[in-house]
Amino acid sequence: MDIQIKGFADSMYEQSFVESAVSTRADTTNLLKQRTTKRTAKTPVRNSQIHSIIKFQVQHIERCMAARLESYRRAYQEAGRTPTEQELEEIFEDLKTVGKLQVKHSSSFIDNFLRARHTPVQCDAEQSLMEGCAHAHDRVLRTWKTWGEKVRIKEAAAAKIKAGEEAPAQTVVAGHPRADEIVSMEKPRSNRTLLAYYWCFFKRLGNECNRTWRGELAAAALTAAGTYLLIQRVNAVGWTSFKSAGLSMVVAISAIALWHLLRTPWLLHKEASIAGGGIRKVHWAHGLFGMVVLAGVLGGGGLYARKQLAKPIAPVMAAPYLEPKNSLRKRTLGLANDLNVFLGERWARRPPGHGADTLKYDQATLDLYMKLYKNRMVGILQELQDQGLDTGLLAAPGGAPSRFLLPDEIRQLRDLAYHLDEMGKVVKF
């Protein structure tokens with residue numbers, strides 16, 4: 001047996017074995033919980049419970065054998081192979097080994113379980129399990145035989161097909177599966193011309209369009225209705241919405257017709273391959289209809305392309321430059337406005353005179369300025385100097401870096417902002 005198939009089957013069986021063991025353990029636990037509360041864990045187990053535990057183990061053995069067989073079936077199915085007679089025998093021997101091994105393990109479990117609960121062993125657990133598993137062995141054996149018969153049937157059918165391909169026999173033309181179409185085939189002729197091929201193409205195209213036009217027309221109508229409902233919500237002119245819906249319907253029908261044009265050569269090739277070179281007979285009227293469909297697709301596509309290509313190309317214009325919100329000019333003006341508001345509010349509440357309260361208030365104003373505006377002021381003055389602007393005494397020692405600005409100095413800061421354009425470059429007057 002192939003090692004990869006064997007390994008895959010073993011992994012699947014291991015998973016099924018664990019699931020069955022967990023299920024058996026849960027059944028045994030639930031059975032013990034049904035004992036009365038007066039009994040302790042060391043109280044001997046009743047005979048009915050012993051029979052139930054044996055039944056659970058029999059079910060576990062049957063599940064293990066069935067899982068072992070199913071794992072081999074799945075492994076061969078995934079590998080795309082069928083087992084040979086020798087491999088089937090090896091699988092059967094493995095099934096018997098699994099059954100014997102699980103019977104041995106289950107009987108050992110039952111003996112240890114009864115001894116732990118001080119229950120006298122009145123029956124042979126292994127013999128009871130063998131008797132209970134007899135029907136399980138028969139069911140698994142029948143499943144194995146059925147699988148083997150299916151494998152033999154497939155091998156026999158494959159051998160017949162191979163023999164039929166090798167033996168010279170007259171090709172029988174198979175009928176088309178559709179009952180609603182004509183199934184007779186035209187005999188292939190060696191003198192078939194190019195015009196004859198295109199005539200068959202048009203007939204096949206017209207036949208396909210005639211066969212499916214109802215569903216395709218309904219789909220195009222639904223597309224048009226959806227387009228009309230979507231456009232009507234944003235366009236109050238009903239005639240414009242109706243024209244757009246009609247255009248969408250025409251586009252949908254044209255797309256379907258184009259799909260038939262692309263699909264028809266494949267259909268002809270498929271029929272010729274299945275029928276051994278023959279082509280199905282189609283009424284000549286379908287050929288005329290196919291010509292109309294092709295003319296409609298080509299004419300409509302050409303007209304639409306002509307209208308679109310005839311439109312003048314709009315000149316490409318660069319989008320206007322938008323000044324960023326954090327440009328140097330805007331930040332300078334914003335700082336000047338903030339300082340003006342700050343200084344106005346502080347001066348409005350300044351105590352009159354030059355007493356101690358006034359000096360204390362001025363110191364508080366200076367502290368607020370240093371905390372809220374000093375860093376902004378120093379950074380913006382540095383940027384203005386980098387641009388080549390003369391900041392005068394604003395950036396000098398004893399100026400803005402060490403005290404709040406006076407109204408005249410705030411106006412000077414605003415004038416510096418007016419010397420910048422929206423790109424942050426200096427404007428020279």
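The values are calculated or read from the model by the stated rules, or taken from the named source; none is laboratory data. Since the structure is predicted, the reported quantities are computational estimates derived from the model, not experimental observations. Cβ sites come from the backbone with ideal geometry, for glycine too, and all protein chains shown count toward neighbours. What goes into the accessible areas is simple: the full protein's heavy atoms, side chains included, and nothing from ligands, DNA or RNA. Shrake-Rupley method; radii C 1.70, N 1.55, O 1.52, S 1.80 Å.
Looking at the range 368-388 only, could you name the residues that are loosely packed, with under 11 Cβ neighbours inside 10 Å and part of a helix (DSSP H, G or I)? Across the range 368-388, the qualifying residues are K371, D386.
The rows are residues; the columns are (1) over 30 Å from A159 (Cα atoms); (2) at pLDDT below 80.
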position	(1), (2)
I5	no, yes
A9	no, yes
S23	yes, no
R35	yes, yes
T43	yes, yes
S71	no, no
I91	no, no
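Going residue by residue through the range 308-322, is there one that turns out to be touching a Gly at 6+ places or on another chain (Cβ under 6 Å), assigned to a helix (DSSP H, G or I) and modelled with pLDDT under 85? No - not one qualifying residue is present in the range 308-322. Look through E78, E62 and report the one residue that is of a type in the set (D, E, K, R) and in contact with a Cys (Cβ under 8 Å, 6 or more places away or on another chain). That would be E62, the only listed residue that is of a type in the set (D, E, K, R) and in contact with a Cys (Cβ under 8 Å, 6 or more places away or on another chain). Being within 60 Å of the chain's Cα centre (by Cα) and in a helix (DSSP H, G or I) is true for just one of N340, N326. Which residue is that? Every option except N340 fails the conditions. Tell me which residues, restricted to the range 63-101, are open to solvent by 80 Å² or more (accessible area, probe 1.4 Å) and among the basic types (K, R). Hits for the range 63-101 are R63, R73, R74, R81, K100.
Return the residue satisfying two criteria in turn: it lies in the range 233-253 and is open to solvent by less than 90 Å² (accessible area, probe 1.4 Å), farther than 19 Å from V297 by Cβ and in a helix (DSSP H, G or I), and of such residues it is modelled with the lowest pLDDT.
The initial filter retains those residues of the range 233-253 that are open to solvent by less than 90 Å² (accessible area, probe 1.4 Å), namely 235, 237-238, 240-241, 244-246, 248-253.
If we keep only those that are farther than 19 Å from V297 by Cβ as well, we get 235, 237-238, 240-241, 244-245.
Still in the list and also in a helix (DSSP H, G or I): 238, 240-241, 244-245.
Values: G238: 59, T240: 66, S241: 68, S244: 76, A245: 75.
Checking each candidate, the answer is G238.
Looking only at the range 403-420, residues that are surrounded by fewer than 12 Cβ atoms within 10 Å (Cβ to Cβ) and assigned to a loop (DSSP other than H, G, I, E, B) come to 1 in all. Could you look through the range 343-361, keep only residues that are closer than 23 Å to A400 by Cα, free of Cβ contacts under 8 Å to residues at least 24 places away in the same chain and open to solvent by less than 70 Å² (accessible area, probe 1.4 Å), and pick out the one that is farthest from the chain's Cα centre (by Cα)? Step by step, filter the range 343-361, then rank; the result is T358. Taking residues in the range 386-411 that are touching a residue at least 24 places away in the same chain (Cβ under 8 Å), and partners anywhere that are open to solvent by 80 Å² or more (accessible area, probe 1.4 Å) and not charged (D, E, K, R), the pairs with Cβ atoms closer than 8 Å and at least 6 places apart or on different chains are P407/N340; I410/N340.
Total residues in the range 284-307 satisfying the condition of being open to solvent by 100 Å² or more (accessible area, probe 1.4 Å) and at pLDDT 80 or above: the figure is 1.
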